[in-house]
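Worksheet: the structure to be examined is printed underneath.
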Amino acid sequence: MTPSRAHGPAPATAGAGVHDWPVDHLDALEFDPLLHRLLREEPAARIRLRFGEGHAWLLTGYEDVKAVTADPRFSRALTVDRPVTSMTPHRLAPAGGIGRTDPPDHTRLRRLVAQAFHRKRVAELRIGAQASADRLVGAMVRQGPPAELTGSLTGPLPERVVGTLLGLPPADLPRLQQWRAVILSSSRSPDEGNAVKAEIARYFGELADHRLRHRGDDLFSELVAAHADGALSRPELVSLSVMVVLNALDQVRNQTSTMVYTLLTHPGQLERLRAEPALLPAAVEELLRFIPQRNGVGLPRIATEDVAVAGALIRAGEAVYVSYLAANRDPRVFTDPDRLDLTRDEAPHLAFGHGAHYCVGAALTRMQAQVVLGTLLRELPGLRLAVPPERVSWHRGTVNRGPETLPVTW
């Protein structure tokens with residue numbers, strides 16, 4: 001459905017029918033019950049999250065989510081300095097960063113980053129990622145079972161990939177991991193979050209000064225060169241760098257770990273994949289659709305005019321969230337959506353978003369997932385959980401979901 005200029009009924013009274021959504025901790029692959037219900041019963045609902053002020057709209061249907069995220073009448077830039085109800089006590093994306101800008105600024109920033117994720121670079125990074133995966137899994141085999149997979153493979157691999165991509169000194173990665181844990185926490189204070197953001201800005205600022213004198217063959221050097229040419233401000237340079245690092249160190253780690261857990265707890269699907277290795281790319285896409293990879297919702301938008309969508313009237317100035325997780329489980333689009341089916345051939349999933357803010361690193365994430373799963377399937381055909389599924393521990397108080405540890409054996 002395409003949103004249209006609304007001249008319909010007045011909105012319900014503000015505050016009426018608002019769902020308080022604390023976003024409870026969910027383990028394993030449990031899907032948020034509120035999202036599940038709203039998708040089927042109230043595809044345009046109003047919610048109130050733990051932090052911020054007031055309420056916001058939440059859209060959950062596949063077509064509605066696609067329409068809103070592709071509609072320029074919903075602005076990310078207008079969220080700056082707005083205390084929109086939110087998941088975290090501090091803003092995850094900085095003002096002026098790529099996540100909180102609109103065209104033409106967003107187009108300019110996205111073009112700078114997208115150029116760096118060209119097919120040739122991803123192919124080059126894949127060679128290094130595969131070599132790293134081979135070494136990491138080889139070390140697991142030499143040590144013998146059991147092993148803890150997040151520490152042995154799914155954590156170190158994206159660290160090495162992002163280190164190569166940005167040209168980061170390996171010794172700096174543990175510090176970046178500490179900062180990542182604070183920024184993506186839903187339980188740290190605003191002061192803690194802001195202090196870490198200041199530290200990260202200092203770090204990348206100093207690194208940028210160094211790269212101006214000693215340029216490397218990496219994405220960060222390219223961004224620094226763009227900054228030197230006046231195409232990128234210092235805050236924008238920092239924002240883009242932090243976005244890439246956070247996605248690599250947190251999202252990729254959690255996604256690949258959860259993919260392994262999902263396959264190991266769906267033995268029929270795992271056997272199908274082992275019998276048909278060529279199914280791997282399609283399997284990764286289905287895993288991206290099926291896995292509830294985050295808690296709650298991402299960044300909001302602000303309506304710039306009255307828009308009718310999903311049977312509701314969203315007024316100019318109101319905040320709007322979309323749920324890609326819910327859209328990926330829409331029964332109007334996906335057959336038996338709560339079932340994992342590695343042979344599924346239906347609509348494209350929305351795990352990487354849609355529209356102008358579609359994830360620029362999607363190809364890199366797909367590549368790493370294929371490398372992790374392909375290497376494990378080839379080198380450890382007897383891979384299985386070393387503990388009962390219910391004993392796997394999962395992250396708490398974080399934006400992105402995933403296992404803290406993943407004990408495996410073979």
Using the structure shown, decide if Ala351 is touching a Lys or Arg at 6+ places or on another chain (Cβ under 8 Å), among the small types (Gly, Ala, Ser), part of a helix (DSSP H, G or I) and open to solvent by less than 50 Å² (accessible area, probe 1.4 Å).
-> no
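To keep it simple, each residue is scored yes or no on (1) surrounded by fewer than 18 Cβ atoms within 10 Å (Cβ to Cβ); (2) of a type in the set (A, V, I, L, M, F, W, C); (3) touching a Leu at 6+ places or on another chain (Cβ under 9 Å); (4) under 29 Å from Leu385 (Cα atoms).
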{"position": "Ala133", "(1), (2), (3), (4)": "no, yes, yes, yes"}
{"position": "Val141", "(1), (2), (3), (4)": "yes, yes, yes, yes"}
{"position": "Pro174", "(1), (2), (3), (4)": "yes, no, no, yes"}
{"position": "Leu184", "(1), (2), (3), (4)": "no, yes, yes, yes"}
{"position": "Glu192", "(1), (2), (3), (4)": "yes, no, no, no"}
{"position": "Glu199", "(1), (2), (3), (4)": "yes, no, no, no"}
{"position": "Arg202", "(1), (2), (3), (4)": "yes, no, no, no"}
Residue set Leu313, Leu373, Leu340; condition touching a Gly at 6+ places or on another chain (Cβ under 6 Å), over 21 Å from Thr101 (Cα atoms) and of a type outside the set (S, T, N, Q); output residue Leu313
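If we scan segment 146-155, do we find a residue that is at pLDDT 90 or above, surrounded by fewer than 18 Cβ atoms within 10 Å (Cβ to Cβ), outside any helix (DSSP H, G or I) and of a type outside the set (Lys, Arg)? Give the derivation first.
Restricting attention to segment 146-155, the residues satisfying the condition of being at pLDDT 90 or above are 146-155.
Still in the list and also surrounded by fewer than 18 Cβ atoms within 10 Å (Cβ to Cβ): 146, 148, 151-152.
The next check asks that each one be outside any helix (DSSP H, G or I); those that pass are 146, 148.
Filter once more, so that each one left must be of a type outside the set (Lys, Arg): 146, 148.
So far as segment 146-155 goes, yes, one or more of its residues are at pLDDT 90 or above, surrounded by fewer than 18 Cβ atoms within 10 Å (Cβ to Cβ), outside any helix (DSSP H, G or I) and of a type outside the set (Lys, Arg).
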Is it the case that Leu246 is surrounded by fewer than 21 Cβ atoms within 10 Å (Cβ to Cβ), in contact (Cβ under 8 Å) with a residue 60 or more places away in the chain and touching a helix residue (DSSP H, G or I) at 6+ places or on another chain (Cβ under 8 Å)?
-> no
Which one of these does Val137 not meet: (1) surrounded by 15 or more Cβ atoms within 10 Å (Cβ to Cβ); (2) within 28 Å of Leu325 (Cα to Cα); (3) modelled with pLDDT of 90 or more; (4) touching a helix residue (DSSP H, G or I) at 6+ places or on another chain (Cβ under 7 Å)?
-> (2)
Checking Ser241 against (1) farther than 20 Å from Gln368 by Cα; (2) open to solvent by less than 10 Å² (accessible area, probe 1.4 Å); (3) modelled with pLDDT under 90, which single condition isn't satisfied?
-> (1)
Tabulated pairs, segment 128-150, first under 16 Å from Leu377 (Cβ atoms) and without any contact (Cβ under 8 Å) to a residue 24 or more places away in the chain, second open to solvent by less than 20 Å² (accessible area, probe 1.4 Å) and of a type outside the set (Phe, Trp, Tyr), C-beta under 7 angstrom, 6+ apart or interchain | Leu136/Leu153; Leu136/Leu157
Test for Arg126: is it closer than 20 Å to Gln370 by Cβ and either in a helix (DSSP H, G or I) or not charged (D, E, K, R) (or both) | yes
Extreme residue, farthest from Gly298 (Cα to Cα), among residues of segment 212-227 that are in contact (Cβ under 8 Å) with a residue 24 or more places away in the chain and open to solvent by less than 50 Å² (accessible area, probe 1.4 Å) = Gly216
Scan of segment 361-392 for residues that are farther than 23 Å from Val244 by Cβ, in a loop (DSSP other than H, G, I, E, B) and open to solvent by less than 40 Å² (accessible area, probe 1.4 Å), ordered by number | Leu380, Gly382, Leu383, Val387, Val392
For Thr398, indicate whether it is over 26 Å from His106 (Cα atoms), under 15 Å from the mean Cα position of the chain (by Cα), of a type in the set (S, T, N, Q) and buried (at least 17 other Cβ atoms within 10 Å of the Cβ).
-> yes
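The values are calculated or read from the model by the stated rules, or taken from the named source; none is laboratory data. The shown structure was predicted, so the numbers you read here are calculated from the model rather than taken from an experiment. Cβ atoms come from the backbone with ideal geometry, glycine included; neighbour counts cover every protein chain shown. The protein model used for the area step is the full one, side chains on, heavy atoms only, and it has no ligands, DNA or RNA in it. Shrake-Rupley method; radii C 1.70, N 1.55, O 1.52, S 1.80 Å.
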